[in-house]
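Here's the structure we're looking at; comments come further down.
The values are calculated or read from the model by the stated rules, or taken from the named source; none is laboratory data. Quick caveat, the model's predicted, so the values are computed rather than measured. Methodologically, a virtual Cβ is constructed for each residue, glycine included, from the backbone with ideal geometry; neighbour enumeration extends over all protein chains shown.
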Amino acid sequence: MPISNRSLFAAVLAACFGLAVSATLADVEVWTDKERVILKGDLKGMRVLPPGSKGKGRPTGAKRPKAKPRVAHRAPRTLRVGPDEEFKLPSQAAAFAVDGDTIEIKAGEYVDCATWRRNNLTIRCVCGRAHVKDKVCSGKGIWNLVGKNTTIENIEFSGMYNASRNGSGIRHQGMHLTVRNSYFHDGEEGILGGYKAGNVILVEDSLFERLGAIGQSHPIYINGGKSMTLRRTVIRGCIDQANCFKSRAQQNTLTCNVIASMDGNSSWEVDIPYGGRATIRNNVIQQGARSVNYGIISFAMETHKTGQKNPEQTLNLENNIIINDHNKGRFIVYREHKNTKFNVRGNKFVGKRRHDHRTGNKLFRDRAAAKLKAYPALPEACKKQ
């Protein structure tokens, strides 16, 4: 008996694709692993009827192909990156990582970028500092973080530029971030992100230098979240009208840091635009002569915009050394609300500037009067003066 085009077509489907097929002169019935479809008409005008359409039942003896078994996730382990390691680049480890992995990167330079999608990752250099540089992923950052609970230690970031002028060392799009002993320099933004509600961010024992762009990119720019903590960190040489530190988080805690524009053309040194609960204690904060803004610390200055205000409005400014090498403007600029509270005490204000909180603080006309070394020297933070 001659073989019809339809029978031949059915045989090809069965042989090539492993489909269960019934061929008649009237129709071809095709079973996939999820549904049944019926092919109607001759080969020239064949059309597909959706599942549920009338047609012949499943052919006798035909079986649905078995679904492929799911591949079980492996247990977390340590992934090693380096020229003579399993992974040559951090991006290769990022693609292989699962939740809970530790990624150890050998010291050296990596012209590379990566998107880290997994949760509970620790990414660190174990011998010195690994330097990732000169490349951003998805037009965002050198490392884009998507997962939850990421810890980064002993990593250097530089050369982060993009077309939007907000290229960042770390673009934090996930939840909860800890950065320790890391170095961000010579780019547009060091760390950008943290906008999700409930986000908790900690940066400690790190260095940020020569960062900023067009007054909209900053060494540290946290765009929301629950809390931002900065401690024992140096931010200096902020450029191109950057705020050295900017955070819209509900709670901001800055302790034992040095934040100084030095010879950079910065804007504000500390900017808390939505207010909230801000505790700034035992820091050295300096504004240089080239700053384009005459305020050093800004609190709640964007809260006049609808909806842009954190519920609490409390500024605790205690035991800081605040140095004005600009000799114009004010030490603190703020926008006050009915629930605004100020606790400003124990500070040394150095330089000729207006300030509204004289009681409980010490005022000095210049560095010499405060017994501080001449510019560009800076005192140590958290050291008894």
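Annotations for the structure displayed:
- Note on the range 278-354: enclosed strands (runs of 3 or more DSSP E) holding 3 or more residues that are under 26 Å from Ile214 (Cβ atoms) are 284-287, 295-299, 330-334.
- Residue match in the range 111-121 (condition: touching a Leu at 6+ places or on another chain (Cβ under 6 Å), under 24 Å from Glu188 (Cβ atoms) and either part of a loop (DSSP other than H, G, I, E, B) or of a type outside the set (S, T, N, Q) (or both)): yes
- For the range 153-173, a tally of residues being surrounded by fewer than 24 Cβ atoms within 10 Å (Cβ to Cβ) and within 8 Å of the chain's Cα centre (by Cα) returns 1.
- Residue match in the range 295-302 (condition: within 21 Å of Asn257 (Cα to Cα), of a type outside the set (Val, Ile, Thr) and at pLDDT below 95): yes
- Leu317 being within 18 Å of Trp268 (Cα to Cα), of a type outside the set (Phe, Trp, Tyr) and surrounded by 18 or more Cβ atoms within 10 Å (Cβ to Cβ): yes
- Selected residue (only one of Ala377, Ala381, Ala370 is surrounded by 18 or more Cβ atoms within 10 Å (Cβ to Cβ), within 35 Å of the chain's Cα centre (by Cα) and outside the structural domain of Asn316 (by TED's automatic domain parsing)): Ala381
- Which listed residue is crowded, with 18+ Cβ neighbours inside 10 Å, in the same structural domain as Gly360 (by TED's automatic domain parsing) and among the charged types (D, E, K, R), from Glu269, Glu302, Glu312: Glu269
- Residues considered: Gly190, Gly225. Of these, the only one that is small (Gly, Ala, Ser), in a strand (DSSP E or B) and within 13 Å of the chain's Cα centre (by Cα) is Gly190.
- Residues of the range 86-101 that are more than 14 Å from Thr122 (Cα to Cα) and touching a helix residue (DSSP H, G or I) at 6+ places or on another chain (Cβ under 9 Å): Glu86, Phe87.
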